[in-house]
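Participant: A single structure is presented below for examination.
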Amino acid sequence: MGMTEQTGLAWTEGPPDPEGLYELYGSLGWNEFLGLDASALAAAMAGSWLCVNVRLGTRLVGTGRIVSDGAINAWLCGVGVAPDLRGRGIGSGIVERLASRARAAGLHLQLMAEDDKVPYYEARGWVRFAVGMKAERPRA
């Protein structure tokens with residue numbers, strides 16, 4: 001993917017560096033929700049079918065990934081952009097790159113979105129097709 005000269009952003013594929021990911025997830029409020037340390041987050045990324053990352057200089061400013069069985073289904077998840085850089089097309093670029101690769105592999109791409117994110121994805125051609133559910137974590 002290489003460097004985007006207009007914006008100074010570097011787009012790469014593969015697991016992001018653990019420290020940069022932990023810092024980005026912290027800025028998004030995700031570390032508190034997930035309760036994982038940097039090494040556990042790195043393990044999750046390593047288990048992904050594809051990760052797309054965006055850097056501004058040495059700073060990780062955006063990421064997203066696909067979790068997949070590699071043959072039938074794929075799930076877009078973990079798309080996040082640093083709050084101070086939103087509205088510049090970074091998230092849209094991540095989603096498009098991930099979706100393009102999944103389409104090229106013939107995978108059925110799906111995602112779960114919070115209600116306030118639905119218009120974002122609908123504006124990019126995604127359609128509602130099911131109700132999302134989650135299993136509650138076991139109580140200690």
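Participant: Looking at S100, is it among the hydroxyl-bearing types (S, T, Y) and under 13 Å from the mean Cα position of the chain (by Cα)?
Facilitator: No; evaluated as a whole, the condition is false for this residue.
Participant: Please give the strands (runs of 3 or more DSSP E) falling wholly within the range 16-118 in which 3 or more residues are touching a strand residue (DSSP E or B) at 6+ places or on another chain (Cβ under 7 Å) and touching a residue at least 40 places away in the same chain (Cβ under 8 Å). Quick ask: steps written out before the conclusion?
Facilitator: On the way: elements: 50-56, 59-68, 73-81, 108-111.
The qualifying strands (runs of 3 or more DSSP E) are 50-56, 59-68.
Participant: Scan A82, A43 and give me the residue that is farther than 24 Å from E114 by Cβ and out of contact with any Cys (no Cβ under 6 Å at 6 or more places or on another chain).
Facilitator: A43
Participant: Which condition breaks for Y22 when tested against (1) modelled with pLDDT under 95; (2) farther than 23 Å from E136 by Cα?
Facilitator: Every condition holds for Y22 apart from (1).
The values are calculated or read from the model by the stated rules, or taken from the named source; none is laboratory data. Remember, predicted model here, so these are calculated numbers, not experimental data. Methodologically, a virtual Cβ is constructed for each residue, glycine included, from the backbone with ideal geometry; neighbour enumeration extends over all protein chains shown.
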